[in-house]
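Peer 1: Provided herewith is a single structure, encoded as structure tokens, for subsequent inquiry.
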Amino acid sequence: MSSDETEPLPSSALGALDFLVVEGLRLMRSRSDRLAARSGGDRVLLADLSFTLQKRRSLALVCEDREALFALAAALVKIGPVAAGSITFAGIPLVGFDPQRFRGVRQRIQAVFPDAFGQLPAALTVREAFREVLAVWSRRASRDERARLVDAVMIACGLPEAVQELFPAELDAVERQQVALARALLPGPELLICQGITDGLDAVQRAELCNRVRFLREEYRLTLLILTDDLAVAHQLGDAIGVLHRGRLIESGPAATLVSRPAHEHTRRLVAASA
């Protein structure tokens with residue numbers, strides 16, 4: 001095994017190895033989208049995308065098209081349409097899955113989006129935003145159990161207690177993403193999707209947030225899917241990297257190998273730009 005490949009985890013620790021399997025996925029911008037209406041109607045965002053993510057591993061997909069990355073994240077949590085292909089999570093086929101039965105699966109898959117998306121409710125304090133999540137996913141837990149859960153995610157995400165009394169507008173960009181991560185952890189997910197979570201951050205802030213995500217991955221034994229337009233972020237967070245260009249997967253492999261010996265011309269340009 002080469003030095004840039006991670007040692008496989010024992011099967012007893014993994015359960016089903018192929019935790020997330022995407023095959024032949026095709027995503028399109030719908031004519032009903034206002035953005036599509038301004039830009040000429042339907043457009044293929046991703047075409048024939050296939051990949052496999054093993055449990056407790058991390059895969060980073062790099063694509064310059066942020067709209068395509070959001071569409072993929074939305075499809076994985078069933079808030080966005082799938083034109084063709086299949087998505088299988090822990091052996092469960094998600095495309096066409098009964099929405100009424102998806103609730104139990106949804107608890108196991110959480111996503112964090114760019115700060116600019118306003119994913120935190122502007123009218124709620126952090127404490128109230130946490131309560132909103134717990135009311136959905138921890139209805140049977142006692143008040144003390146909920147408090148311990150909030151304390152645990154706050155500490156893990158590096159947030160001081162005082163943050164709970166603040167509104168999102170009173171936090172800086174990194175703090176808002178830390179709160180978003182904490183909210184995503186409250187349901188107890190197994191798969192965490194991070195789409196564009198470092199968008200708009202400077203180099204110091206990006207490094208701080210990436211280090212936090214790496215810590216959370218280990219602390220909560222998470223499987224990570226990183227969706228980003230930044231190869232440096234992908235290299236920091238992914239065991240493996242896949243590069244998408246013009247809606248198609250053009251190259252993939254262990255992170256260190258892909259960055260040190262890129263095969264595709266587009267990947268070589270990304271490496272040069274991130275140096």
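Peer 1: Among the residues of the stretch 79-122, which ones are in a loop (DSSP other than H, G, I, E, B) and on the phi > 0 side of the Ramachandran plot?
Peer 2: The answer is A90, G91, G96, G118.
Peer 1: Shifting gears a bit: With (1) under 14 Å from the mean Cα position of the chain (by Cα); (2) closer than 22 Å to S252 by Cα as the list, and E64 as the residue in question, which single condition is left unmet?
Peer 2: Every condition holds for E64 apart from (1).
Peer 1: Kindly list the number of the only condition in (1) surrounded by fewer than 18 Cβ atoms within 10 Å (Cβ to Cβ); (2) touching a residue at least 24 places away in the same chain (Cβ under 8 Å); (3) over 14 Å from Q177 (Cβ atoms) that fails for V259.
Peer 2: (1)
Peer 1: Hey, does the stretch 205-227 have a residue that's buried (at least 22 other Cβ atoms within 10 Å of the Cβ) and touching a Cys at 6+ places or on another chain (Cβ under 6 Å)?
Peer 2: Yes, the stretch 205-227 has at least one match.
Peer 1: Looking at V163, V179 in this structure, which one is under 24 Å from L222 (Cα atoms) and either among the hydrophobic types (A, V, I, L, M, F, W, C) or touching a His at 6+ places or on another chain (Cβ under 8 Å) (or both)?
Peer 2: Exactly one of V163, V179 is under 24 Å from L222 (Cα atoms) and either among the hydrophobic types (A, V, I, L, M, F, W, C) or touching a His at 6+ places or on another chain (Cβ under 8 Å) (or both), namely V179.
Peer 1: Look at L72 and say whether it is within 16 Å of L227 (Cα to Cα) and either assigned to a strand (DSSP E or B) or in contact with a helix residue (DSSP H, G or I) (Cβ under 6 Å, 6 or more places away or on another chain) (or both).
Peer 2: no
Peer 1: Also, I was wondering about something else. Looking only at residues that are among the charged types (D, E, K, R) and over 14 Å from G188 (Cα atoms) in the stretch 112-150, which one is surrounded by the fewest Cβ atoms within 10 Å (Cβ to Cβ)?
Peer 2: Here the answer is R140.
Peer 1: I've got another one for you. Within the group S30, S2, which residue is modelled with pLDDT under 95 and either closer than 24 Å to L224 by Cβ or touching a Phe, Trp or Tyr at 6+ places or on another chain (Cβ under 9 Å) (or both)?
Peer 2: S2
Peer 1: Let me ask something else about it. Which is within 23 Å of A135 (Cβ to Cβ) and either of a type in the set (D, E) or surrounded by 19 or more Cβ atoms within 10 Å (Cβ to Cβ) (or both), of Q195, Q236, Q178?
Peer 2: Q178
Peer 1: Also, I was wondering about something else. With the stretch 141-248 as the region, which helices (runs of 4 or more DSSP H) entirely inside it contain at least 1 residues that are touching a residue at least 40 places away in the same chain (Cβ under 8 Å) and of a type outside the set (A, V, I, L, M, F, W, C)?
Peer 2: So the answer is 173-185, 203-219, 231-237.
The values are calculated or read from the model by the stated rules, or taken from the named source; none is laboratory data. No experiment lies behind these values; they were computed from the predicted model shown. With ideal geometry, Cβ positions are generated from the backbone for all residues, glycine too; neighbour counts draw on all protein chains shown.
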